[in-house]
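K.L.:
Handing you a structure now.
Every number here is computed from the coordinates shown, using simple stated rules; none is lab data. As the structure is a computational prediction, the values presented were derived from the model and not from experiment. In this analysis, Cβ positions are derived from the backbone assuming ideal geometry, glycine residues included, and neighbour counts consider all displayed protein chains.
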Ligand SMILES: [Zn+2]
């Protein structure tokens, strides 16, 4: 139900941001496509809005601030070190 919570102006800002980071080409197209997917800007863990301020810093953020600060779950933990 939070899908597409960003305003058109906010999406435009993010679009410009992405365009300034990628050179025109396939990579840019993929990036812009992702911006228009319904789950863009929604935390993949808790489903909450990631927030425009956070997306402006990192347009590819997959987690909200709270989830990003949580320790990495045991299943994802790298055990190859030491
Ligand atoms: Zn979250």
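K.L.:
Multiplying the sequence separation of residue 15 and residue 34 by 0.36 nm and subtracting their Cα-Cα distance, what value in nm do you get?
P.N.:
Details: separation 19, 0.36 × 19 = 6.84 nm, distance 1.05 nm.
Between residue 15 and residue 34, full extension yields 5.8 nm more.
K.L.:
Next up: Starting with the highest mean, order 61-70, 22-31 by the number of other Cβ atoms within 10 Å, averaged over the residues of each peptide. Intermediate results must be reported in sequence, preceding the final value.
P.N.:
On the way: 61-70: 14.2, 22-31: 11.1.
So the peptides 61-70, 22-31, ranked by packing, come out 61-70, 22-31.
K.L.:
Quick one: divide the alpha-carbon radius of gyration of the range 8-81 by 2.2 N^0.38 Å and tell me what you get.
P.N.:
Cα Rg divided by the expected 2.2 N^0.38 Å: 1.27.
K.L.:
Follow-up question, since we're still on this one. Would you mind ranking 8, 18 by Cβ crowding within 10 Å, fewest neighbours first?
P.N.:
Details: 8 8, 18 17.
In order of increasing Cβ crowding within 10 Å: 8, 18.
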